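Input: a single structure, listed below in structure tokens.
The values are calculated or read from the model by the stated rules, or taken from the named source; none is laboratory data. What you are looking at is a predicted structure, and each value in this text was computed from that prediction instead of being measured. Here the Cβ positions follow ideal geometry from the backbone for every residue, glycine too, while neighbour counts run over all protein chains shown.
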Amino acid sequence: MTILVTGSAGHLGEALVRTLREAGRPVRGLDVKASPWTDVVASVTDAEAVARHMAGATAVLHAATLHKPHVATHSRQDFVDVNISGTLNLLEAAAEAGVGAFVFTSTTSVFGRAMNPAPGDPAAWIDEDVRPVPKNIYGVTKTAAEELCELSQQRTGMPCLVLRTSRFFPEADDDGDLRGAWEDANLKANEFLFRRVDVADAVDAHLRAIEAAPRVGFGRYVISATTPFAREDAAELGADAPAVLARRVPGYVEAFAARGWRMSPTLDRVYDNARARADLGWRPRYDFAHVLERLAAGEAPISPLARTIGAKGYHDEVFEDGPYPVAC
């Protein structure tokens, strides 16, 4: 019953391996970097190593990837090799080994330009029916890997679910203007309304996906904290988000005022996780209401798991202009 976790030295990968080990479930972590959570040091681009270490696995949680922060520091070919070819290696080895469930960690970044309406337009309501319009090599390769997952399921019958996760990293925002204008905790609290998920909830979604995969076969799911907003709020969110929030969550005004915090004047998108909750039985705990509850108690609003893992960064070097260089 071994679960193979790729990217085990990364933020989500460590969270997955930690959680599985603590539950006493057999798990094998694979990563190019050695770590306490990595049992096998190997790259997903190495088809022989992937096939060798797939032996005995009953499920795969494929979290290994090059991320958006690597766009400026890695070649487009690197992204193709890791995100596309690496995923293909895993899919083929898993199908050959008779794996019962394959869960691919994708990203809401695949939606790309679909998430950026013109100023004053309604906020984009992002669910699984929105067509991805990737805007960089990261989004392109993750979208292609999703398609490989669907093709593999159709061709081999191996259950395969795609989880499009929103932000769960604790690092400061890469946008210098935002970093300069907002307290980091305020910015991240706001994100739980429309574009953030706690890593503990992301882990729970992956584990529930393993159980649901044989029943579902293939599916794509948005994995983000449950928003208090409704689709009919989209037009007003694009013009006056604080007014909508005051109506939906009246208690936020006092809670934010006590800390000198503020709400973003407008929102450009809202991620809708309804399908994941319905199909996977997923119930994310760390939403905006939880943020307010923890603040009222004088506690950090993130999960104990998120606090334990902390920030990892994406590069070995430090950059002068932010947590990582920005490129489109």
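For residues in region 237-273 being free of Cβ contacts under 8 Å to residues at least 40 places away in the same chain and of a type in the set (Lys, Arg), which is nearest to Arg131 (Cα to Cα)?
Per the stated criteria, the residue is Arg248.
Go through region 194-249 and give me each residue that's touching a Leu at 6+ places or on another chain (Cβ under 9 Å) and among the β-branched types (Val, Ile, Thr).
The answer is Val199, Val203, Ile210, Val216, Val222, Ile223, Thr227, Val244, Val249.
Does Pro117 qualify as being surrounded by fewer than 22 Cβ atoms within 10 Å (Cβ to Cβ) and either touching a residue at least 40 places away in the same chain (Cβ under 8 Å) or within 18 Å of Phe168 (Cα to Cα) (or both)?
Details: surrounded by fewer than 22 Cβ atoms within 10 Å (Cβ to Cβ): yes; either touching a residue at least 40 places away in the same chain (Cβ under 8 Å) or within 18 Å of Phe168 (Cα to Cα) (or both): yes.
Against the criterion (surrounded by fewer than 22 Cβ atoms within 10 Å (Cβ to Cβ) and either touching a residue at least 40 places away in the same chain (Cβ under 8 Å) or within 18 Å of Phe168 (Cα to Cα) (or both)), Pro117 qualifies.
Mind checking whether some residue in region 303-313 is surrounded by 19 or more Cβ atoms within 10 Å (Cβ to Cβ) and under 29 Å from Glu232 (Cα atoms)?
No, region 303-313 has no match at all.
Condition check: of a type in the set (Gly, Ala, Ser), touching a residue at least 12 places away in the same chain (Cβ under 8 Å) and closer than 23 Å to Ser8 by Cβ. Does Ala234 satisfy that? Let's see the steps before the verdict.
Values: of a type in the set (Gly, Ala, Ser): yes; touching a residue at least 12 places away in the same chain (Cβ under 8 Å): yes; closer than 23 Å to Ser8 by Cβ: no.
Judged against the criteria, Ala234 is not a match.
Among the numbered conditions (1) under 18 Å from Ile223 (Cα atoms); (2) touching a residue at least 60 places away in the same chain (Cβ under 8 Å); (3) crowded, with 22+ Cβ neighbours inside 10 Å, tell me where Val162 comes up short.
(2)
For region 141-152, enumerate the residues that are within 18 Å of the chain's Cα centre (by Cα) and surrounded by fewer than 20 Cβ atoms within 10 Å (Cβ to Cβ). Break it down stepwise before answering.
We begin by selecting, within region 141-152, every residue within 18 Å of the chain's Cα centre (by Cα); these are 141-147, 149.
If the condition is that a residue be within 18 Å of the chain's Cα centre (by Cα) and surrounded by fewer than 20 Cβ atoms within 10 Å (Cβ to Cβ), then Ala144, Glu147 are the ones that fit.
Please pick out the residue among Ala64, Ala59 that is over 20 Å from Arg195 (Cβ atoms) and in a loop (DSSP other than H, G, I, E, B). So that I can check it myself, show each step before the final result.
Working: Ala59 fails: in a loop (DSSP other than H, G, I, E, B).
Among Ala64, Ala59, only Ala64 is over 20 Å from Arg195 (Cβ atoms) and in a loop (DSSP other than H, G, I, E, B).
Does Leu245 satisfy being outside any helix (DSSP H, G or I), surrounded by 14 or more Cβ atoms within 10 Å (Cβ to Cβ) and modelled with pLDDT of 95 or more?
On the way: outside any helix (DSSP H, G or I): no; surrounded by 14 or more Cβ atoms within 10 Å (Cβ to Cβ): yes; modelled with pLDDT of 95 or more: yes.
No: the conditions fail for Leu245.
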